[in-house]
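The values are calculated or read from the model by the stated rules, or taken from the named source; none is laboratory data. Predicted model, so just to flag it, every value in this text is computed and none were measured. Note: ideal-geometry Cβ built from the backbone for every residue, glycine included; neighbour counts use all protein chains shown.
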Amino acid sequence: MNDVVAGLRAELTAAVHEPGGKEYADATSPHNSSHPQRPCAVVRPASAEQVARAVTTAARLGVTVAVQATGHGAGGPIDDDQVLLDTSALLGVSVHASAGIARVGAGETWPAVQQAAQVHGLLGLSGTSSTVSVAGYTFGGGVGWFVRKYGLASAALRAVDYVDGAGRRRRASEDAPDSLDREALWAFRGGAPVGIATAVEVALFRIPELWTGYLLWPESALPGVIAGWAWALELVSESVTSSLALLRLPDEGPFPAALLGRPAVHLSYASTDGAAHLDVMRAAVCDAATPAVDTTGPGDLRSLSAIHLDPPDPLPARGTGRWLGPAATDVVAEMFGAARVGRPGGLSMIEVRHTDSEAHARDGALTNVPAPFLLHAVGLGVEVGEALAAVESAAQVTDAGRAAPAFRDGQPNAGDAWSSSELVQLRNVRAALDPDRVLRFQRHPAF
């Protein structure tokens, strides 16, 4: 691989990093640390032009280019016969307030976008984690705190500037002159990357009065909280998106001592339209059991990214994500029991998100919310496979027949996320843009 590294250095001297350096170590330490990453070199381009040169050089040298920004979606090893192209230096956010559009570098995370948009009274359709890249999150569908009112983040994707497998710079948009670029936008919208994104353009939305919060109870309160939550779901408006979870809290942290290091019931929710829309749910669960923690109140960008209690540090997470039908609330207790949270061989967290949405969606591989509920279960290490299988078995009665790839933490494939016709379309677009298979993306359904 010395020839590969030398060839890359000849084209992109300062952007190429070899084993032993800090930049190499940073780039190969993904947020999901389930699999080792030992590429022969890391290329960290700072511009679209550098991305194109890196791909062109790699193609000429006959080496595969693995693509990664934050590594939340890492699902397999990266070996020393590959180059890792790290997009985290592709930064920049500009907001076109009158059009309600943000142009975002492919390496940016959501806080930078929300800070720039908030000045204009706008917000993007961010997710629960503040450390995920906007591009990767959007290409995976993007199930965030405003999903019930505004839909998936993939449906808000307006354009993608990208580089194909031959190193050509392209632009995917609905009005692109080349039909292949229009098809690429369809794929980028919740399907899978079909090229290396260098920047994306996403729609922004007005959030009249943001309220957020999370509540915690000891595990013993679970039956009552499930009942209260399920009852409230029949009444709350589309302004409210919520998640009910059972998770093991850390041994230390800003939580009551009685909950530390133990499984706790966790309800997190957000309202786009003020406190009144949360009142019904809050009252129902509090009547069932008095929470040990209740942070419900006026929301801001910090609270929006904190209420889900996502772990901040890289972890070897293995998980599953399944779309569930209307009967999901009937089997929450069974699913949570199967997870064995906090017990030997058990999971770290299991949640059911209420995703029921009638938001209008533009055409894309995954732009309509597939089902009214989303199951996400996750644990640490390969030994949690039995617990994940038990959870999926408990959910089978209400399973919608579709995996949620973005929630298959540490898994090497997308599962049964796509119909045969959707897979054919994704593969056709991918093959047309990268016929020599120069580019490699994690959990890609096409090849």
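Quick look at the values:
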{"quantity": "Filter result for the condition that a residue is of a type outside the set (Gly, Ala, Ser), crowded, with 21+ Cβ neighbours inside 10 Å and touching a Pro at 6+ places or on another chain (Cβ under 6 Å), over Val341, Val391", "calculated": "Val341"}
{"quantity": "Any chance Ala187 is at pLDDT 95 or above, closer than 30 Å to Leu61 by Cα and part of a loop (DSSP other than H, G, I, E, B)", "calculated": "no"}
{"quantity": "Filter result for His31 (touching a helix residue (DSSP H, G or I) at 6+ places or on another chain (Cβ under 7 Å) and closer than 16 Å to Pro314 by Cβ)", "calculated": "no"}
{"quantity": "Residue within region 395-403 that is more than 21 Å from the chain's Cα centre (by Cα), over 30 Å from Glu174 (Cα atoms), among the hydrophobic types (A, V, I, L, M, F, W, C) and crowded, with 19+ Cβ neighbours inside 10 Å present", "calculated": "yes"}
{"quantity": "Spans of strands (runs of 3 or more DSSP E) in region 334-447 with at least 3 residues in contact with a Leu (Cβ under 7 Å, 6 or more places away or on another chain) and farther than 30 Å from Thr56 by Cα", "calculated": "349-354, 373-380"}
{"quantity": "Residues located in region 25-59, provided they are surrounded by fewer than 18 Cβ atoms within 10 Å (Cβ to Cβ) and more than 20 Å from the chain's Cα centre (by Cα)", "calculated": "Ala25, Asp26, Pro36, Arg38, Ala46, Ser47, Glu49, Thr56"}
{"quantity": "Helices (runs of 4 or more DSSP H) completely within region 1-103 that count 2 or more residues being aliphatic (A, V, I, L, M) and in contact (Cβ under 8 Å) with a residue 24 or more places away in the chain", "calculated": "2-11, 48-61"}
